[in-house]
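Everything below concerns the one structure shown next.
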Amino acid sequence: MNYRHAFHAGNHADVLKHIVLLALVDSFKRKDSPFFVLDTHAGRGRYLLSSEESRKTLEAEDGVMRLMAQPQLPELVERYLKAVQADNPVGAMVAYPGSPLLVAQALRAQDRMAACELQEEEAAALKALFEHDGRVGVHPGDGYAMIRALLPPKVNGTKIGRGLVLIDPPYEVQDAEYPRILAALGETLTRWPQATCAVWFPIKQRRSILHFFRKAAALPIKSALLVELLVRPDDSPLRLNGSGMLLLNPPYQFDRVLAPAMPALKTHLGEKGASTRLEWLKQPA
Ligand code: SAM
């Protein structure tokens with residue numbers, strides 16, 4: 001196992017992303033009918049936190065571990081911490097579960113997930129992780145391109161109506177990622193119009209994100225909800241000041257589901273000037 005991504009795993013951005021992700025999955029579980037999750041940028045599924053080299057600068061210490069130290073937290077946050085703890089020995093934090101593992105832990109027998117990963121080594125780790133889980137398909141390659149092959153989702157030739165597409169790219173190309181995301185969202189909604197889509201985005205300087213929001217809100221969707229956590233003011237372009245999730249077609253009244261968790265995230269993960277945002281970009285009709 002290598003430790004390439006362990007430095008970031010469990011940081012404030014992962015906390016926000018994974019709390020929202022689990023809340024989405026839980027909302028699908030209110031009905032018995034199956035749902036499908038496509039994770040276009042899945043990563044390796046589990047990140048070790050316990051090596052000497054990663055101990056030096058572990059971002060989880062200012063993220064998930066700060067929450068672990070709190071005696072009482074909102075239900076949504078507790079639910080997330082339980083999911084992280086489920087992948088660890090009692091009382092210890094040696095690994096951080098990534099999005100596909102968190103989702104897989106929550107799937108029922110009738111639900112399905114497809115996880116795409118471009119980097120060979122990461123994809124191999126992911127394949128090994130889900131080797132014995134028939135509900136999870138691992139697809140090495142470009143997650144954006146895979147949308148065409150995997151949507152609309154089907155099980156044994158029958159379409160699955162409900163579900164989620166998580167788009168969580170590394171933004172290595174910075175702002176050039178946004179046109180790719182918009183194209184992927186357009187393709188997704190053409191193939192699977194009722195899909196819920198969740199896009200993670202970093203907040204360094206707000207200017208660059210606004211154009212993306214405008215374009216996304218103009219897609220053929222019923223609603224768009226924005227969730228953000230800024231751990232410090234967004235005036236330093238070189239640091240990850242915060243992050244957000246843009247949710248297209250979220251479940252009914254999903255803002256009310258998330259709202260109780262937001263003040264706790266700001267208090268426990270934020271520095272001076274921290275803030276949160278929970279706002280409809282497009283109100284449900
Ligand atoms: N979603 C994961 C989680 O929450 O645990 C983390 C994903 S990490 C931010 C982004 C991942 O996307 C990296 O593992 C990277 O190798 C992979 N990646 C980069 N470009 C990709 C592409 N075009 N298709 C699929 N995966 C890609």
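What are the residue pairs meeting all of these: first residue in region 166-177, first residue touching a residue at least 12 places away in the same chain (Cβ under 8 Å), second residue near the ligand (Cβ under 7 Å from one of its atoms) and in a loop (DSSP other than H, G, I, E, B), Cβ atoms under 6 Å, and 6 or more apart or on different chains? Cβ pairs passing all conditions: Ile167/Thr40; Asp168/His41; Pro169/His41. Entry remark, region 19-43: residues being buried (at least 24 other Cβ atoms within 10 Å of the Cβ) and over 26 Å from Asn156 (Cβ atoms) number 3 in total. Among what's in region 55-72 and is of a type in the set (Gly, Ala, Ser) and either under 13 Å from Asn11 (Cα atoms) or touching a His at 6+ places or on another chain (Cβ under 8 Å) (or both), pick the residue that is modelled with the lowest pLDDT. Only one residue fits best here, namely Ala60.
For region 123-136, the tally of residues that are touching a Lys or Arg at 6+ places or on another chain (Cβ under 6 Å) and away from the ligand (no atom under 16 Å from the Cβ) stands at 1.
Just so you know, in region 106-122 the residues that are among the small types (Gly, Ala, Ser) and assigned to a strand (DSSP E or B) include one that is nearest to the ligand (Cβ to nearest atom), and it is Ala115.
If you filter region 104-113 down to residues that are out of contact with any helix residue (DSSP H, G or I) (no Cβ under 6 Å at 6 or more places or on another chain) and among the hydrophobic types (A, V, I, L, M, F, W, C), you find that the one that is nearest to Asn88 (Cα to Cα) is Ala104. Within this structure, Tyr3 fails the test of being under 23 Å from Gly134 (Cα atoms), at pLDDT below 95 and out of contact with any Lys or Arg (no Cβ under 7 Å at 6 or more places or on another chain).
Within region 253-274, being within 21 Å of Val64 (Cα to Cα) and surrounded by fewer than 16 Cβ atoms within 10 Å (Cβ to Cβ) holds for Ala259, Pro260, Pro263, Lys266, Thr267, Glu271, Lys272, Gly273. The single residue among Pro220, Pro250, Pro193, Pro237 that is touching a residue at least 40 places away in the same chain (Cβ under 8 Å) and either within 20 Å of the chain's Cα centre (by Cα) or surrounded by fewer than 18 Cβ atoms within 10 Å (Cβ to Cβ) (or both) turns out to be Pro250. For region 73-91, the candidate set comprises residues that are among the small types (Gly, Ala, Ser) and closer than 20 Å to Leu129 by Cβ; within that set, the residue that is modelled with the lowest pLDDT is Ala86. A single entry from Val64, Val94, Val84, Val37 fulfils the requirement of being of a type in the set (A, V, I, L, M, F, W, C), over 25 Å from Pro140 (Cβ atoms), in contact (Cβ under 8 Å) with a residue 40 or more places away in the chain and touching a Leu at 6+ places or on another chain (Cβ under 7 Å): Val94. Is there any pair linking a residue in region 196-216 that is on the phi > 0 side of the Ramachandran plot to one that is within 16 Å of the ligand (Cβ to nearest atom) and in a helix (DSSP H, G or I), with Cβ under 9 Å and at least six apart or on different chains, and which? Filtered contacts from region 196-216: no entries.
Return a yes/no flag: does region 137-158 have any residue that is touching a residue at least 60 places away in the same chain (Cβ under 8 Å), in a strand (DSSP E or B) and more than 16 Å from the ligand (Cβ to nearest atom). Yes; the residues of region 137-158 include at least one that is touching a residue at least 60 places away in the same chain (Cβ under 8 Å), in a strand (DSSP E or B) and more than 16 Å from the ligand (Cβ to nearest atom). Filtering region 161-182 to residues that are out of contact with any Ser or Thr (no Cβ under 9 Å at 6 or more places or on another chain) and within 12 Å of the ligand (Cβ to nearest atom) leaves Pro170, Tyr171, Glu172, Val173, Glu177, Arg180, Ile181.
Scanning region 198-229 for residues that are modelled with pLDDT of 95 or more and within 19 Å of His268 (Cα to Cα) turns up Val227, Glu228, Leu229.
The values are calculated or read from the model by the stated rules, or taken from the named source; none is laboratory data. Being a predicted model, the structure only gives us computed values, none of them experimental. Every residue, glycine as well, gets a Cβ built from its backbone with ideal geometry; the counts of neighbours run over all protein chains shown.
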